[in-house]
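The values are calculated or read from the model by the stated rules, or taken from the named source; none is laboratory data. These numbers were taken from a predicted model, which means no experiment stands behind them. Positions of Cβ are generated from backbone atoms using ideal geometry, with glycine treated the same way; all protein chains shown enter the neighbour counts. Ligands, DNA and RNA are stripped out before the accessible areas are found, and what is left, the full protein with its side chains, is counted by its heavy atoms. Shrake-Rupley method; radii C 1.70, N 1.55, O 1.52, S 1.80 Å.
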Amino acid sequence: MIAPVRRWKVGGASVAGEAHIRKGLGCDDAFAYAITGDLVVAAVADGAGSVTQTSAWGSYTVCDRVVTTALGPEFLDWFGDVRRGEAAPEGLMEWLFQQALGALRARARDTGQPIAELATTLAVAIATPEFAIFAQIGDGVIALRQRDEVRTVLIEEKGEYANLTWFVQSRDAFTASFRVHTADDVTAFALSTDGMAYKITEVASGAAFVPFFTGAWAATEANKLGEAELEAWLTGIADDQTGDDKTVVLAVLTDTDTDTDTADDATAGAGSERRVQSRRPPAYLAPAAAEVEG
C-alpha cells in the first residue's frame, strides 16, 4: 500500500471592481502564493483607493517580497524554530512584514514617489499540514478550517470611522494594526481583500459565511477553480456599493496517493516549487509628466 501524501492545492485571482472599470483604471489589489514541498506561503494586498494606480504597485511589491523572503533560508530556518517552540511567531512575522515595508521604501526611492502613494494593506499565511501562522496589517479577510470548524481570524477592529484602515507604511502600523495568529491542523484557509467582505463574512461581526468557504475549498480541491475560472467567478459576483476590487487566494490540504501523481502536479515531490503572482500593474505616468510630454 502507498501512504497518502498531504499536499496543498492553491488558487488565486484578482479582478477590478466596477468603480475602477468605469474610470478606465486597473486593479489595485494583488496576490501571490508559492508551494514548496508541504509548505505554502500566500499573501494578498489592497492598494489604497485614494492613490489608485500607484498603490497597485504597492500591493504588488509587498506580495512579491513576502513570497520571495518566505522561501529564503533565513525565514525557513526561523520558521523551523517557531514550529519547535524555540522562537516567537510574532517576531518572525514582524520581520517578514518589515521586509515588505523595506521593499516599498526601495520602490519609492527608486521611482521618486512619496511612499504614501504606494499605500497598501497586507495579509499573509504560512502553513504546513501541522502548523500555520497568519498575520495582517489593515483590513481584509483571513479564514481557516481547523478540525472541521470554519472561522475568521485577525478581524480588524474598526473605530469611529469604519471606512478607514491601516496600511503597511502607515506611521505606528506595527504597533496599532499588526497582528498574528497561530493554529495547528489547519486543513484549508483563504485570504481576501475587503472588496469581498460583504460576500464572504457577516459584515457587522466579521464572522465567516461558512457556505462560501466550504464550497470554494471543495471546488479548489476538485481542480475546478484555476486562475481563469476564479477570475470569471469573481467578475460574476455583484459588487458592493463601493465597487471595490476583489481578490481571493484559496488553499486546501489534500491527501494524494504518490502512485497517481502526474508529471505536471505542481506540488509533487519535496523539492518541487510553484509560484504564482498577480499581473504586474501597468506603468504609471504621473499627471505632471504627462502634461510635459504633451
- Message: Pairs needed: first member in region 242-270, assigned to a loop (DSSP other than H, G, I, E, B); second member anywhere, at pLDDT below 50 and among the hydrophobic types (A, V, I, L, M, F, W, C); C-beta distance under 6 Å; at least 6 residues apart or different chains.
- Response: ASP261/ALA268
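Which one of these is buried (at least 24 other Cβ atoms within 10 Å of the Cβ), of a type in the set (Val, Ile, Thr) and more than 18 Å from MET196 (Cα to Cα): VAL5, VAL44, VAL40?
Working: VAL5 fails: buried (at least 24 other Cβ atoms within 10 Å of the Cβ); VAL44 fails: more than 18 Å from MET196 (Cα to Cα).
Criteria check complete, one pass: VAL40.
Condition first: part of a strand (DSSP E or B) and either modelled with pLDDT under 95 or farther than 30 Å from ASP148 by Cα (or both). Now tell me which residues in region 158-188 satisfy that. Break it down stepwise before answering.
Applying the first criterion (part of a strand (DSSP E or B)) to region 158-188 yields 179-184, 186-188.
Selection gives nothing.
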- Output yes when any residue across region 197-207 is surrounded by 18 or more Cβ atoms within 10 Å (Cβ to Cβ), β-branched (Val, Ile, Thr) and over 26 Å from LEU253 (Cβ atoms), and no when none is. no
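Confirm whether ALA103 is loosely packed, with under 14 Cβ neighbours inside 10 Å and either among the hydrophobic types (A, V, I, L, M, F, W, C) or in contact with an Asp or Glu (Cβ under 8 Å, 6 or more places away or on another chain) (or both). Show your work before the answer.
Values: loosely packed, with under 14 Cβ neighbours inside 10 Å: no; either among the hydrophobic types (A, V, I, L, M, F, W, C) or in contact with an Asp or Glu (Cβ under 8 Å, 6 or more places away or on another chain) (or both): yes.
It is false that ALA103 is loosely packed, with under 14 Cβ neighbours inside 10 Å and either among the hydrophobic types (A, V, I, L, M, F, W, C) or in contact with an Asp or Glu (Cβ under 8 Å, 6 or more places away or on another chain) (or both).
Whether any residue in region 65-79 is under 26 Å from THR242 (Cβ atoms) and either of a type outside the set (S, T, N, Q) or open to solvent by less than 20 Å² (accessible area, probe 1.4 Å) (or both) is what I want to check. Talk me through it step by step, then tell me what you get.
First, pick out the residues of region 65-79 that are under 26 Å from THR242 (Cβ atoms): 66.
Remaining after also requiring either of a type outside the set (S, T, N, Q) or open to solvent by less than 20 Å² (accessible area, probe 1.4 Å) (or both): 66.
The answer is yes; a qualifying residue exists.
Could we say that THR128 is closer than 16 Å to TYR60 by Cα, in contact (Cβ under 8 Å) with a residue 60 or more places away in the chain, open to solvent by less than 60 Å² (accessible area, probe 1.4 Å) and hydroxyl-bearing (Ser, Thr, Tyr) here?
Working: closer than 16 Å to TYR60 by Cα: no; in contact (Cβ under 8 Å) with a residue 60 or more places away in the chain: yes; open to solvent by less than 60 Å² (accessible area, probe 1.4 Å): yes; hydroxyl-bearing (Ser, Thr, Tyr): yes.
Answer is no for this residue.
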- Query: What's the number of the condition CYS27 fails, among (1) buried (at least 21 other Cβ atoms within 10 Å of the Cβ); (2) of a type outside the set (Lys, Arg); (3) modelled with pLDDT of 95 or more?
  - Reply: (3)
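Condition check ((1) β-branched (Val, Ile, Thr); (2) open to solvent by less than 20 Å² (accessible area, probe 1.4 Å)) across all residues:
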{"residue": "VAL10", "(1), (2)": "yes, yes"}
{"residue": "VAL15", "(1), (2)": "yes, yes"}
{"residue": "HIS20", "(1), (2)": "no, no"}
{"residue": "PHE31", "(1), (2)": "no, yes"}
{"residue": "THR52", "(1), (2)": "yes, no"}
- Task: Quickly run through region 179-205 and pick out the residues that are among the β-branched types (Val, Ile, Thr) and either touching a residue at least 40 places away in the same chain (Cβ under 8 Å) or under 17 Å from ALA100 (Cα atoms) (or both).
- Result: VAL180, THR182, VAL186, THR187, THR193, ILE200, THR201
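Could you tell me which of the residues ALA190, ALA173 is surrounded by 21 or more Cβ atoms within 10 Å (Cβ to Cβ) and among the small types (Gly, Ala, Ser)?
ALA190
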- Message: Looking at (1) out of contact with any helix residue (DSSP H, G or I) (no Cβ under 6 Å at 6 or more places or on another chain); (2) among the small types (Gly, Ala, Ser); (3) touching a residue at least 12 places away in the same chain (Cβ under 8 Å), which one does ALA176 not meet, given that it meets all the others?
- Response: (3)
- Enumeration of residues in region 265-285 that are open to solvent by less than 80 Å² (accessible area, probe 1.4 Å) and modelled with pLDDT under 65: ASP265, ALA266, THR267, ALA268, GLY269, GLY271
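Would region 210-223 turn up any residue that is buried (at least 21 other Cβ atoms within 10 Å of the Cβ), under 24 Å from GLY11 (Cβ atoms) and among the β-branched types (Val, Ile, Thr)? Lay out the reasoning, then the answer.
To start, the set of residues in region 210-223 that are buried (at least 21 other Cβ atoms within 10 Å of the Cβ) comprises 213, 216-217, 220.
From what is left, the residues that are under 24 Å from GLY11 (Cβ atoms) are 213, 216-217, 220.
Filter again for among the β-branched types (Val, Ile, Thr), leaving 220.
Checking region 210-223: at least one residue is buried (at least 21 other Cβ atoms within 10 Å of the Cβ), under 24 Å from GLY11 (Cβ atoms) and among the β-branched types (Val, Ile, Thr).
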